[in-house]
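The values are calculated or read from the model by the stated rules, or taken from the named source; none is laboratory data. Every value quoted in this text rests on a predicted model; they were computed, and no experiment measured them. All Cβ positions, even for glycine, are placed from backbone atoms using ideal geometry, and neighbour counts span all protein chains on display.
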Amino acid sequence: MKKRCALVFVATLPLAMQAAGLVSLGDIARRLSSYDSYADSCSYEVYLPSLSDPVCYGVRLYGASNQDGDTLAPCRYLIEWSLSAPDGVVEGFSAYADGAHYRFRDKRLQEYHAEWDSVPFAPGGRVRAGVQNQVQFAELLPQYMGRKFSDMVSDSTYVSTVTTDTVVGGRKSLVVSGRRRVNGYDAAEYVYVLDPDSFLPRLVELENNPGQLGEQSISVRYMCGSEKPCDINAETLAARYPDAFGKARFRLRIFRASLCRELWLRLPPGSAICMRKASRLQSLPCSCLWKVPWVRVEMLFARFGKPLTIFRWVST
């Protein structure tokens, strides 16, 4: 388990440096949420009591403001990550833009489109629980961090201090520190070290369930955040990842199931058969059929009843 160091440094600062009232947490939240573009890379280390060494990710972050009227996520984003494993480096990415969410992992591209099916984007009417917002590393983006700080302002379980005009790592910094207390217990401790001018993050230290059996420490070190313009949409993503959007992705062609009693489809490894009844899209993973070059789907679509529209995978 990592030794706690950054989580306690604020408490050792002179009281004169606790410049309360100069900058509020709400001010920081609004500034971070307002960024139209962002690009940076960071190291992300997770420390667990059961492991002698941390789990280390390399993460690249890109963020851009949403198109008008898009309220499904705080911003458009592209998150690329890598993880060293015994058999090599594992890589993947997540992205959201214009009502579409993409996840690439294990040589498989998953994609969701709100115009096809809005349920995954707001299950039970809760946008925060949507697939586009339940993404690993999304909380590292300034726009998501701004939303988090805004939530903390109105949540009495968070007790935060904003410290200005202090020095961290030899650099003038602004620090947000504190803890979350739930039912009399510390559920989390946190330190966010920000640039005092731009409010962009430099360092994040988190302790989840401190002192308890499920304790987890997270340390994030940013490189050099900038407001580099980012164009994130389906076209730029396809151009950036031709293999993922070519070999691992398939275009959909629609036809009526009632025109045939049975149908055979050739599917690539890791694909899924997608079916839509009325306005609801359902996906049936075909992991059990990966080694079978041809898949019979008559029994699959029969369970949903008729009439039914089947989406047939065809190579792009």
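Miscellaneous remarks
- The set of residues in segment 230-267 that are within 26 Å of the chain's Cα centre (by Cα), part of a loop (DSSP other than H, G, I, E, B) and at pLDDT below 85 comprises Lys247, Ala248, Arg249.
- Where strands (runs of 3 or more DSSP E) fall entirely within segment 145-222, those with at least 2 residues that are aromatic (Phe, Trp, Tyr), in contact with a helix residue (DSSP H, G or I) (Cβ under 9 Å, 6 or more places away or on another chain) and modelled with pLDDT of 95 or more are at 185-194.
- So Glu227, is it closer than 28 Å to Ser94 by Cβ, under 20 Å from the mean Cα position of the chain (by Cα), surrounded by 20 or more Cβ atoms within 10 Å (Cβ to Cβ) and touching a residue at least 24 places away in the same chain (Cβ under 8 Å): no
- Checking Gly124 against (1) within 20 Å of Arg31 (Cα to Cα); (2) of a type outside the set (Asp, Glu); (3) surrounded by fewer than 19 Cβ atoms within 10 Å (Cβ to Cβ), the condition it does not meet: (1)
- Scope segment 112-135; condition outside any loop (DSSP other than H, G, I, E, B), over 17 Å from Cys75 (Cβ atoms) and touching a residue at least 24 places away in the same chain (Cβ under 8 Å); matching residues: Val119
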